[in-house]
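Since the structure comes first, as structure tokens, the remarks are kept for the end.
The values are calculated or read from the model by the stated rules, or taken from the named source; none is laboratory data. The structure displayed is predicted, hence computed values, not measured ones. Neighbour counts are summed over all protein chains in view; Cβ atoms, including those assigned to glycine, are modelled from backbone coordinates with ideal geometry.
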Amino acid sequence: MKRGITKREREVTDIDEIRGILDRGKIVHVGMIDGDMPYVVPMNYGYTLEEGKLTLYLHGATTGRKLDVIRVNPKVFIEIDTDIVPFKGEAACQYGVSYASVMGEGIAELVEDVEGKMDSLNKLMITQTGRSFEFVPKMVTGVTVIKIHISEFTAKKRPVRNGAELG
Ligand SMILES: Cc1cc2nc3c(=O)[nH]c(=O)nc-3n(C[C@H](O)[C@H](O)[C@H](O)COP(=O)(O)OP(=O)(O)OC[C@H]3O[C@@H](n4cnc5c(N)ncnc54)[C@H](O)[C@@H]3O)c2cc1C
């Protein structure tokens with residue numbers, strides 16, 4: 001269920017600004033529910049954000065814990081962050097870190113068809129490298145592709161204080 005950001009002044013709602021965070025983030029932390037315990041895995045991703053709908057595209061090996069978990073319970077929570085800059089102050093409590101981040105919840109789907117896998121992997125490469133790649137069917141046979149349909153997401157940023165960057 002969507003819950004508003006507590007520090008509303010840090011919420012990011014501009015769609016181009018959100019795209020910028022997703023372009024720069026590169027790594028998504030995917031939270032899953034493994035029985036009665038959480039399980040979180042960092043992964044590279046591609047994304048599309050069309051008409052306010054966010055979808056992530058991930059790839060990995062054909063076996064492993066995250067796949068076992070998703071097959072039983074496809075509900076996930078994702079977190080992506082970027083623009084991490086530590087800053088300093090006079091007192092300990094004035095130190096901090098600037099950031100920009102996106103969080104959301106959704107449903108993970110294992111993409112089985114070859115066309116869908118090639119398309120997803122190209123989206124991943126566009127986000128990761130800024131360019132498009134050609135895929136042929138044999139390149140995707142040994143790879144698992146996960147598509148995450150995000151139903152709700154929020155974005156937030158904490159800017160660095162002017163001149164306070166560490167180092
Ligand atoms: C920056 C970054 C980017 C990554 N990008 C991708 C990606 O795009 N695709 C991809 O498939 N994987 C990626 N990985 C690796 C990923 O985090 C997992 O290790 C991998 O996907 C295997 O997950 P699994 O659940 O199948 O692991 P399994 O090997 O089945 O997990 C078994 C156990 O191993 C331990 N384990 C698993 N992964 C890690 C880990 N990363 N660090 C420490 N312990 C671990 C956990 O205790 C887990 O319970 C990335 C990792 C990092 C740090």
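Surrounded by fewer than 16 Cβ atoms within 10 Å (Cβ to Cβ), more than 8 Å from the ligand (Cβ to nearest atom) and not small (G, A, S), is that true of T62? Yes. Residues in the range 2-50 that are assigned to a strand (DSSP E or B), farther than 27 Å from I126 by Cα and away from the ligand (no atom under 11 Å from the Cβ): I33, P38. Per the listing I78, I84, the residue uniquely β-branched (V, I, T), surrounded by fewer than 16 Cβ atoms within 10 Å (Cβ to Cβ) and not in a loop (DSSP other than H, G, I, E, B) is I84. Being modelled with pLDDT under 95 and under 26 Å from K117 (Cβ atoms) holds for only one residue in G52, G89, G60, G4, and it is G52.
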